[in-house]
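Before any comments, here is the structure.
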Amino acid sequence: MRSTRATAAIERLKVRSGNDQYSMARTGGELFFLIEGPAKPPLCAPLELDAFVAFVNGLGPQKPRRVSKLDVAFEKQLVKKTS
């Protein structure tokens with residue numbers, strides 16, 4: 001099923017936030033919405049898969065991006081060339 005991406009996004013949100021109560025529900029029209037726990041109202045309107053995954057990925061604390069020394073050196077070169 002295509003809902004695997006949505007399920008993976010929910011699992012990442014649970015890990016980032018520490019809240020195991022997050023869950024998703026799917027409508028008959030293949031739209032998804034996020035629920036924070038049983039018997040609680042939805043946190044968003046029903047969304048298509050791509051929009052739902054983007055919404056869920058934007059919630060909660062974000063994981064810091066890993067940056068290597070090479071990435072830093074490359075970004076410095078880009079700044080020098082545009083200046």
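The values are calculated or read from the model by the stated rules, or taken from the named source; none is laboratory data. Fair warning: this is a prediction, and the values are worked out from it, not measured in the lab. Using ideal geometry, Cβ is built from the backbone for each residue, glycine included, and neighbour counts are taken over all protein chains shown. Surface areas here come from the heavy atoms of the whole protein model, side chains and all, with no ligands, DNA or RNA. Shrake-Rupley method; radii C 1.70, N 1.55, O 1.52, S 1.80 Å.
Computed values, structure above
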| quantity | calculated |
| --- | --- |
| Residues satisfying the stated conditions in the range 29-83, i.e. among the basic types (Lys, Arg) and either over 27 Å from LYS14 (Cα atoms) or surrounded by 11 or more Cβ atoms within 10 Å (Cβ to Cβ) (or both) | LYS69, LYS76, LYS80, LYS81 |
| Neighbours by Cβ (under 8 Å, 6+ apart or cross-chain): first from the range 3-27, more than 19 Å from PRO38 (Cβ to Cβ); second of a type in the set (Val, Ile, Thr) and assigned to a helix (DSSP H, G or I) | ARG5/VAL53; ALA9/VAL53; ALA9/VAL56; ARG12/VAL56 |
| Pairs with Cβ under 9 Å, 6+ apart, first in the range 54-83 and free of Cβ contacts under 8 Å to residues at least 24 places away in the same chain, second surrounded by 10 or more Cβ atoms within 10 Å (Cβ to Cβ) and in a loop (DSSP other than H, G, I, E, B) | PHE55/LEU43; PHE55/CYS44 |
| Qualifying residue in the range 18-28 (condition: open to solvent by less than 90 Å² (accessible area, probe 1.4 Å), β-branched (Val, Ile, Thr) and not in a helix (DSSP H, G or I)) | yes |
